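The values are calculated or read from the model by the stated rules, or taken from the named source; none is laboratory data. Just so you know, these numbers come straight off a predicted model, no measurement behind them. Cβ sites come from the backbone with ideal geometry, for glycine too, and all protein chains shown count toward neighbours. The accessibility values were calculated without ligands, DNA or RNA, using every heavy atom of the protein model including side chains. Shrake-Rupley method; radii C 1.70, N 1.55, O 1.52, S 1.80 Å.
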Amino acid sequence: MKLFRLLLAICVFTLFLNAQNADARVVRLEEYLRAYHSPVAHLAPVFIDIADQKGLDWRLLPALAIVESSAGKSMQHNNLFGWASGKKKFTSAEQAIQIVGNALGTANWYKSKTFVAAMQTYNPASHTYPEKVRRAMLQIDNAPVGSMLVNHKQVAATKE
């Protein structure tokens, strides 16, 4: 019985620490988006949750939103990301985050590429696009930008 209680306490404590670490990214992103006067700042937890689910760098989706729609200030039809050349209509900004995050994390035309190649695929019309997205990511958090996709160990490390 003592062993069970100890294991339960360890599990609860681990969950608490993970929640605290995740909150640091949410707080950082929300503060950044609020300072940017973004109408989607309240969706910081959604950006991070989808990124974690799909194994993406947690800064990628907000950075794309910054580059494509000034973090939602100029979005049309909830399309934060200029998806489908800006023609795609989403029912909500949250749906846009989910759909674009899913595509970036699972579609073969993105997941097997380097960051630069993936961003050139995302927006082939601009040769400076990858650098614009990288700069936006660094403004959110100055950790180095490696790959668009991260493994689960990297996701855990970014929460700390």
Asn79's amide H: which non-local residues (gap 5+, or another chain) put their own amide H closer than 5 Å, with H modeled 1.01 Å from N in plane and none for Pro or chain starts?
Phe90
Lys, Arg +1 and Asp, Glu -1 on Cβ, resulting dipole of segment 39-137 about Cα centre, debye, nearest 20
260
Accessible-area value, Lys111, 1.4 Å probe, nucleic acids and ligands omitted, Å²:
90
5 Å is the cut-off here: which amide hydrogens, built 1.01 Å from N in the peptide plane, fall below it relative to Leu56, excluding neighbours closer than 5 in sequence?
Val150
Considering only protein heavy atoms, with the full assembly of protein chains and a 1.4 angstrom probe, order Met137, Met75 by accessible area, largest first.
Met75, Met137
R0 of 22 Å, Cβ-Cβ distance Gln53-Gln95: FRET efficiency to nearest 0.05:
0.90
Quick one: what are the phi-derived ³J(HN,Hα) couplings along segment 41-55, Karplus 6.51/-1.76/1.60 with θ = phi - 60°, whole Hz, x for glycine and proline?
4, 5, 8, 3, x, 5, 3, 6, 4, 5, 4, 5, 4, 9, x
Using a 7 Å offset from the Cα along the Cα-to-Cβ direction at both Lys87 and Ser74, what is the distance between the two label points in nm, to one decimal?
2.0
